[in-house]
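Coordinate-derived values only; no laboratory data. Owing to the predicted nature of the structure, the values given are computational and were not obtained by experimental measurement. Ideal geometry is used to build each Cβ from the backbone, glycine not excepted, and the neighbour counts take in all protein chains shown.
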Amino acid sequence: MINAYAANEPGAALQAFQYDPGPLKDDEVEINVTHCGLCHSDLSMWKNDWGITEYPFVPGHEVAGHISTVGKNVTWLASGDRVGLGWHSRYCLHCHCCLSGDHNLCPDSQGTIVGRHGGFADKVRAQATSVVKLPDSIRNEDAGPLFCGGITVFNPMVQFGLAPTSKVAVIGIGGLGHMAVKFLNAWGCEVTAFTSSESKRTEALALGAHKTLNSRDSDELKAASNQFDLILSTVNVGLDWEGYLNTLNAKGRLHFLGATLEPLKMSVFTLIMSQRSVSGSPAGSPATIARMLDFADLHGIRPEVELFDMSNVNQAMKHLEEGHPHYRVVLKNNS
């Protein structure tokens, strides 16, 4: 039996929940969860904001722990291995995307918390292909957020062949954005943080931003015209996207990582005249996750985390919902 915390309806308090996962599949592993990050996507799924949540709902897709059991067809992982698990728990492994190495784009992939129970538990199961070993120097308490927030901001850097001489701006210096600043700085880019407060400006500079720009100052936005090669948006609210597009250089890209639910309002001419692009991406493939972990290991990049006991999960959810984390919340199992 697996002991977890589940909500029985949208926005309801998480309660102790026990379920029988059945026999371990031949291509699966079972992970003893030591830590699990709490992501804004967990909140969205908890409230059924996206209309895809099934109840009882067990959140948690930033898992870190060690393998307890492996399926009989799993030969590259073993009991005792320290591993992480992110947004995806299973891929079809035979579609064009999977065969091309883009597992995260698999149309039949399964989310760790979509139609299955996640990592707010003492154990979780997943297809072994979706599980990645942790470097020795990355602690379990730091690993979880890298498997969602970290890979989400790292993936476009790889996918678009980002040059280390690029000028990149980040919108939203929070759970995703603070990791984006760290990765981009280590990548070699000139990093600008869009901020709206003096405290955020100071923090962004401390995280590795070279410059800041007040996103609420229209004069500053206009003065920044044609500056950036790439803008990463990590927020989930609607903004003046036209204003941000105008800060892009020719052939620049505005890339969405935060799930903004409102339709985007922007002029097509702003795209056409300077050959700018608008795009978005999900997390990342297992291979890209492994590359990200190696990069984080090499450059000492870690998320800023606040730890809560797993038993205080509702307190942690409220902390995130009210926008208080600095910058990621991680739950730890004490057993």
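Here are the numbers for the structure shown:
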| quantity | calculated |
| --- | --- |
| Net +/- balance of residues flanking residue 14 in space, Cβ distance below 14 Å, scoring K and R +1, D and E -1 | -2 |
| Average Cα contact separation per residue, the chain, under 8 Å, 6 or more apart, as relative contact order % | 18 percent |
| Alpha carbon centroid spacing (whole Å) that separates segment 316-335 from segment 171-242 | 24 Å |
| Computed FRET value (nearest 0.05) for residue 95 with residue 225, which takes r as the C-beta separation and R₀ as 56 Å | 0.85 |
| Geometric extent, Cα atoms of segment 255-313 - Rg, Dmax (angstrom) | 18.3, 55 |
| Packing rank of 263-273, 220-230, 91-101, where each peptide gets the mean count of other beta carbons within 10 Å, highest leading | 220-230, 91-101, 263-273 |
| Residue 262-residue 214 FRET efficiency (beta carbon distance; Förster radius 22 Å; 0.05 resolution) | 0.45 |
| Cα long-axis angle, helix 177-187 against the chain (0 to 90 degrees, to the nearest 10) | 80 degrees |
| For the chain, radius of gyration divided by Kirkwood radius, i.e. Rg to Rh on alpha-carbons | 0.97 |
| Fluctuation leader among 171, 31, 138 - the chain, Gaussian network, Cα springs under 10 angstrom | 138 |
| Neighbour net charge for residue 232 - beta-carbon separation under 13 angstrom, K R +1, D E -1 | +2 |
| Choice from 234, 212, 75 showing the highest fluctuation, given a GNM over the chain with Cα pairs closer than 10 Å | 75 |
| Charge context of residue 190, other residues only, Cβ under 14 angstrom, K/R +1, D/E -1 | +1 |
| Candidates 153, 58, 237: whichever shows maximal mean-square fluctuation once the chain is modelled as a Gaussian network with Cα springs under 10 Å | 237 |
| Relative contact order, percent, segment 195-326 [alpha-carbon distance under 8 Å, six or more residues apart] | 16 percent |
| Relative counts (whole %) of C-alpha pair distances in segment 152-280, using bins that are 5 Å wide | 2, 11, 23, 25, 23, 11, 3, 0 |
